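Asker: Dropping the structure in here first, questions after.
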């Protein structure tokens, strides 16, 4: 692999962050507009800013990608098409998406724009990558739960670009599969509105006893940092090194991109790279604690004390005078006016506006100094941390005033006596020519020398160009006004900047077919169970079909249909595909693209994890599907597909699907496979409002955080679906039996009897 094969991809939540990334060596930028991006609360870019961003990047040979990776409903289709038309028109290089309906719309109508499949699609195996390769997706952003070994296997066995997160914030749940914020507060992470429920404190309950401290942030991971492992990442075959951070400040983007740029360049120079200083500088701009995450099988250590920026320790409190409102700090690092400091025990921050040493106002204090600051709040005695380094902020601001990206330009100047000067600038395949208004005159005294012409044309100053080659054809006895020569240079540079940066595509009109909503008559009840033993002695006579785990399916009952859960053992699934039991079934439910790719000869039901949220996606898949939990009644009624629609009327909703094991982490400070603690005890999380979220585990030690209330919808007659799905996770035999009987009664128009026995909620049906 060559250096030019590696892309360093930087985030930008503001124009200053974009500029900082470009000037520090990013090859590409990803950002979001003000709609349809997975970071709705970032500053983001309006239409004009998006165009400026594209021009700024393209002028400097940097690509620009726009996130359109949220889920959208039928009501939003026209808006999202209009948005993509604009992005296409302003010459965006690629769109980052997750919705398959949107993918095919872009592929069919805008074939010359790249499509990158977002990490929101949770692609975590080779089969999933092959699925998108066959669909002619240009790039796949892999799930952040993958190891370097798994990534390497994928990269060396596919012909599609692979993008991997190498630095920044992690999600505890698989991306695209977190419903925590959505179910608690209707702030959907899948729609860019995540309320970061994971960053709140939770207590761990074991059986009936609280076993963790109140201040533990059990769902809040440290940030990923793989700067020490850049060589392994390159050798794995990764195309794009992605840095997370569209919510971060410019100095964060600058320091991180600078560090990874250096690490990549050093590798190809075959030089040893020392990263200690780089890591410290990155901690200075944002520090939630660093982990290597799943990339290098480093247990996902959690930020047990602080979910946000904890900064870098700079000293400790010595004495506080309540009367004078003065705090003394013994410094272990330098401290400057303008720095922002943090007191973790009180979760309190303060910007240093006045700093005193021996009673005198000073600009900064050195290591070992006893300094005093004004503080009107009485705090606990504790260590002090810096969370904003004013020097780095100032350095970033000064850095941005200069152009650091320099493109080698060729110049050719020519002219004869009594004629204008022609100046041509060439950069790669782009060529511009300008002609002067003034003409070359015959010199009566001192002619204009080639040396002087070179001197003036070389004054490219704070532009993005540097002079590479120049050819001067100027009469030896000629003269020309220096002022006019400078004007000609400036005009040529401006014209080349425009030619390189301001390019547009011709607008394309899209005419959507107007689909009519299809009428679906309820055909009956369908069950889904977590374990076959739940069905023991259950009367299935009025049940149409039962989804059972594929690894337990042996054709025991004609009504049984195997399903592949979202998280599964790939080898176990391959064994099932090669077994006689697979050939027994006519239908199978799938919940990820890897499983979907491997099933060719069966009727398929797309599970709710596949996020069939709109008609474009439903029609494109052309498969039966389970309605996602984040759709409203109106969204469901608007479906216009002839395939069968399954609606989950009852379920304990999995708010999070996690590779990380909370239980093992608590007991062993790392994930220990098959520790069996979950078999010995019952576990749950308790939030600040005393709501309880049950933790369940599967055979592969994955964790699932169950919502505090059960979804129990008894207004079935108002929907437009084919089947009512009852999804059972760990319910007892008696519970299952009662709930089935209850929904039989509901279908016949009666009110629910069982619903009142549970803490229930209606999710997106409560409006």
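The values are calculated or read from the model by the stated rules, or taken from the named source; none is laboratory data. Since the structure is predicted, the reported quantities are computational estimates derived from the model, not experimental observations. All Cβ positions, even for glycine, are placed from backbone atoms using ideal geometry, and neighbour counts span all protein chains on display.
Asker: Return the residues of segment 186-220 that are touching a helix residue (DSSP H, G or I) at 6+ places or on another chain (Cβ under 8 Å) and in a strand (DSSP E or B); say none if nothing qualifies.
Answerer: Once the filter is applied, which keeps residues that are touching a helix residue (DSSP H, G or I) at 6+ places or on another chain (Cβ under 8 Å) and in a strand (DSSP E or B), segment 186-220 yields only 204.
Asker: Against the definition (surrounded by fewer than 20 Cβ atoms within 10 Å (Cβ to Cβ), closer than 30 Å to residue 261 by Cα, modelled with pLDDT under 95 and not assigned by TED's automatic domain parsing to the domain that holds residue 597), how does residue 138 come out, yes or no?
Answerer: Numbers: surrounded by fewer than 20 Cβ atoms within 10 Å (Cβ to Cβ): yes; closer than 30 Å to residue 261 by Cα: yes; modelled with pLDDT under 95: no; not assigned by TED's automatic domain parsing to the domain that holds residue 597: yes.
It is false that residue 138 is surrounded by fewer than 20 Cβ atoms within 10 Å (Cβ to Cβ), closer than 30 Å to residue 261 by Cα, modelled with pLDDT under 95 and not assigned by TED's automatic domain parsing to the domain that holds residue 597.
Asker: Can you pull out every residue in segment 390-423 that is surrounded by 13 or more Cβ atoms within 10 Å (Cβ to Cβ), assigned to a strand (DSSP E or B) and in contact (Cβ under 8 Å) with a residue 24 or more places away in the chain? It would help to see each step written out before you state the result.
Answerer: Applying the first criterion (surrounded by 13 or more Cβ atoms within 10 Å (Cβ to Cβ)) to segment 390-423 yields 390-397, 399-400, 403-407, 409-417, 419-423.
Filter once more, keeping what is assigned to a strand (DSSP E or B): 407, 409-414, 417, 420-423.
Across segment 390-423, the qualifying residues are 407, 409, 410, 411, 412, 413, 414, 417, 421, 423.
Asker: Where residues in segment 618-639 are in contact with a strand residue (DSSP E or B) (Cβ under 8 Å, 6 or more places away or on another chain) and not in a helix (DSSP H, G or I), which of them is surrounded by the fewest Cβ atoms within 10 Å (Cβ to Cβ)? Steps first, please.
Answerer: Step one: filter segment 618-639 for residues in contact with a strand residue (DSSP E or B) (Cβ under 8 Å, 6 or more places away or on another chain), giving 618, 621, 623-627, 629, 636, 639.
From what's left, not in a helix (DSSP H, G or I): 623-627, 629, 639.
Working: 623: 17, 624: 21, 625: 23, 626: 27, 627: 19, 629: 20, 639: 23.
Ranking the qualifying residues of segment 618-639, first place goes to 623.
Asker: All but one of (1) in contact (Cβ under 8 Å) with a residue 60 or more places away in the chain; (2) under 30 Å from residue 113 (Cβ atoms); (3) surrounded by 15 or more Cβ atoms within 10 Å (Cβ to Cβ) hold for residue 503; which doesn't?
Answerer: Looking at each condition in turn, residue 503 falls short on (3).
Asker: Could you pull out the residue among 331, 326 that is crowded, with 19+ Cβ neighbours inside 10 Å and either at pLDDT 95 or above or not assigned by TED's automatic domain parsing to the domain that holds residue 145 (or both)?
Answerer: That would be 331, the only listed residue that is crowded, with 19+ Cβ neighbours inside 10 Å and either at pLDDT 95 or above or not assigned by TED's automatic domain parsing to the domain that holds residue 145 (or both).
Asker: Of the residues that sit in segment 525-534 and are out of contact with any helix residue (DSSP H, G or I) (no Cβ under 7 Å at 6 or more places or on another chain) and either buried (at least 22 other Cβ atoms within 10 Å of the Cβ) or in contact (Cβ under 8 Å) with a residue 40 or more places away in the chain (or both), which one is farthest from residue 701 (Cα to Cα)?
Answerer: This residue is 526.
Asker: List the number of the failed condition for residue 26; all other conditions in (1) modelled with pLDDT of 95 or more; (2) at positive phi hold.
Answerer: So the condition that residue 26 fails would be (2).
Asker: Looking only at segment 48-59, decide whether some residue is within 17 Å of the chain's Cα centre (by Cα) and in the same structural domain as residue 245 (by TED's automatic domain parsing).
Answerer: Restricting attention to segment 48-59, the residues satisfying the condition of being within 17 Å of the chain's Cα centre (by Cα) are none.
Among the residues of segment 48-59, not one is within 17 Å of the chain's Cα centre (by Cα) and in the same structural domain as residue 245 (by TED's automatic domain parsing), which makes the answer no.
Asker: Condition first: surrounded by fewer than 20 Cβ atoms within 10 Å (Cβ to Cβ) and at pLDDT 90 or above. Now tell me which residues in segment 290-304 satisfy that.
Answerer: Hits for segment 290-304 are 290, 292, 296.
Asker: Looking at (1) farther than 26 Å from residue 24 by Cβ; (2) surrounded by 13 or more Cβ atoms within 10 Å (Cβ to Cβ); (3) within 43 Å of the chain's Cα centre (by Cα), can you tell me which one residue 381 breaks?
Answerer: Among (1) farther than 26 Å from residue 24 by Cβ; (2) surrounded by 13 or more Cβ atoms within 10 Å (Cβ to Cβ); (3) within 43 Å of the chain's Cα centre (by Cα), the lone unmet condition for residue 381 is (2).
Asker: Hey, another quick one. For residue 441, indicate whether it is in a strand (DSSP E or B) and without any contact (Cβ under 8 Å) to a residue 60 or more places away in the chain.
Answerer: Working: in a strand (DSSP E or B): yes; without any contact (Cβ under 8 Å) to a residue 60 or more places away in the chain: yes.
It is true that residue 441 is in a strand (DSSP E or B) and without any contact (Cβ under 8 Å) to a residue 60 or more places away in the chain.
Asker: Next up: Please verify whether segment 455-466 includes one or more residues that are outside any helix (DSSP H, G or I) and farther than 30 Å from residue 406 by Cα.
Answerer: Looking only at segment 455-466, we keep the residues that are outside any helix (DSSP H, G or I), and these are 458-466.
Adding the requirement that they be farther than 30 Å from residue 406 by Cα leaves none.
Taking every residue of segment 455-466 in turn, none turns out to be outside any helix (DSSP H, G or I) and farther than 30 Å from residue 406 by Cα.
Asker: Name, by its number, the condition in (1) surrounded by fewer than 24 Cβ atoms within 10 Å (Cβ to Cβ); (2) assigned to a strand (DSSP E or B) that does not hold for residue 166.
Answerer: All conditions are met except number (1).
Asker: How about segment 640-652: which of its residues are in a loop (DSSP other than H, G, I, E, B) and within 25 Å of residue 105 (Cα to Cα)?
Answerer: The first filter runs over segment 640-652 and keeps only residues in a loop (DSSP other than H, G, I, E, B), leaving 640-644, 652.
Listed by number, the residues that qualify are 640, 641, 642, 643, 644.
Asker: If you don't mind, there's one more thing I want to ask. Could you check, for segment 48-58, whether at least one of its residues is outside any helix (DSSP H, G or I) and closer than 22 Å to residue 163 by Cβ?
Answerer: Here is the first cut: in segment 48-58, the ones outside any helix (DSSP H, G or I) are none.
Among the residues of segment 48-58, not one is outside any helix (DSSP H, G or I) and closer than 22 Å to residue 163 by Cβ, which makes the answer no.
Asker: Quick check on this structure: which one of 743, 711, 728, 693 is surrounded by 20 or more Cβ atoms within 10 Å (Cβ to Cβ) and more than 36 Å from the chain's Cα centre (by Cα)?
Answerer: Values: 711 fails: more than 36 Å from the chain's Cα centre (by Cα); 728 fails: more than 36 Å from the chain's Cα centre (by Cα); 693 fails: more than 36 Å from the chain's Cα centre (by Cα).
Checking each option against the conditions leaves just 743.
Asker: Also, I was wondering about something else. Which one is surrounded by the most Cβ atoms within 10 Å (Cβ to Cβ) among residues in segment 467-486 that are in contact (Cβ under 8 Å) with a residue 24 or more places away in the chain and part of a helix (DSSP H, G or I)? Lay out the reasoning, then the answer.
Answerer: Initially, segment 467-486 is screened for residues in contact (Cβ under 8 Å) with a residue 24 or more places away in the chain, giving 467-482, 484-486.
Filter once more, keeping what is part of a helix (DSSP H, G or I): 482, 484-486.
On the way: 482: 13, 484: 15, 485: 21, 486: 13.
Among them, the one singled out is 485.
Asker: What are the residues in segment 544-565 that are in contact (Cβ under 8 Å) with a residue 24 or more places away in the chain and touching a helix residue (DSSP H, G or I) at 6+ places or on another chain (Cβ under 7 Å), if any?
Answerer: Of everything in segment 544-565, those that are in contact (Cβ under 8 Å) with a residue 24 or more places away in the chain and touching a helix residue (DSSP H, G or I) at 6+ places or on another chain (Cβ under 7 Å) turn out to be 550, 551, 553, 554, 555, 562, 563, 564.
Asker: Something else: Just give me the residues in segment 11-29 being in contact with a strand residue (DSSP E or B) (Cβ under 8 Å, 6 or more places away or on another chain), buried (at least 22 other Cβ atoms within 10 Å of the Cβ) and within 20 Å of residue 46 (Cβ to Cβ), in sequence order.
Answerer: Once the filter is applied, which keeps residues that are in contact with a strand residue (DSSP E or B) (Cβ under 8 Å, 6 or more places away or on another chain), buried (at least 22 other Cβ atoms within 10 Å of the Cβ) and within 20 Å of residue 46 (Cβ to Cβ), segment 11-29 yields 11, 12, 13, 17, 18, 21, 22, 29.
Asker: On to the next question. Please count how many residues of segment 112-153 are in contact with a strand residue (DSSP E or B) (Cβ under 7 Å, 6 or more places away or on another chain) and in a helix (DSSP H, G or I). Don't jump to the end; show me each part of the working.
Answerer: Quick first cut of segment 112-153, residues in contact with a strand residue (DSSP E or B) (Cβ under 7 Å, 6 or more places away or on another chain) only: 113-119, 123, 129, 132, 137-142, 144, 151.
Subset that is in a helix (DSSP H, G or I): 119, 129, 132, 151.
Within segment 112-153, residues that are in contact with a strand residue (DSSP E or B) (Cβ under 7 Å, 6 or more places away or on another chain) and in a helix (DSSP H, G or I) number 4.
Asker: Now a separate question. Looking at (1) buried (at least 17 other Cβ atoms within 10 Å of the Cβ); (2) touching a strand residue (DSSP E or B) at 6+ places or on another chain (Cβ under 8 Å), can you tell me which one residue 307 breaks?
Answerer: Every listed condition holds for residue 307 apart from (2).
Asker: Out of all the residues in segment 746-766, which are part of a helix (DSSP H, G or I) and more than 41 Å from the chain's Cα centre (by Cα)?
Answerer: First pass over segment 746-766, keeping only residues part of a helix (DSSP H, G or I): 746-747, 755-757, 763-765.
Passing the criteria: 746, 747.
Asker: Here is a follow-up. Criterion first (closer than 25 Å to residue 600 by Cβ, in the same structural domain as residue 230 (by TED's automatic domain parsing), in contact with a helix residue (DSSP H, G or I) (Cβ under 9 Å, 6 or more places away or on another chain) and surrounded by fewer than 24 Cβ atoms within 10 Å (Cβ to Cβ)) does residue 133 satisfy it?
Answerer: Values: closer than 25 Å to residue 600 by Cβ: yes; in the same structural domain as residue 230 (by TED's automatic domain parsing): yes; in contact with a helix residue (DSSP H, G or I) (Cβ under 9 Å, 6 or more places away or on another chain): no; surrounded by fewer than 24 Cβ atoms within 10 Å (Cβ to Cβ): yes.
Answer is no for this residue.
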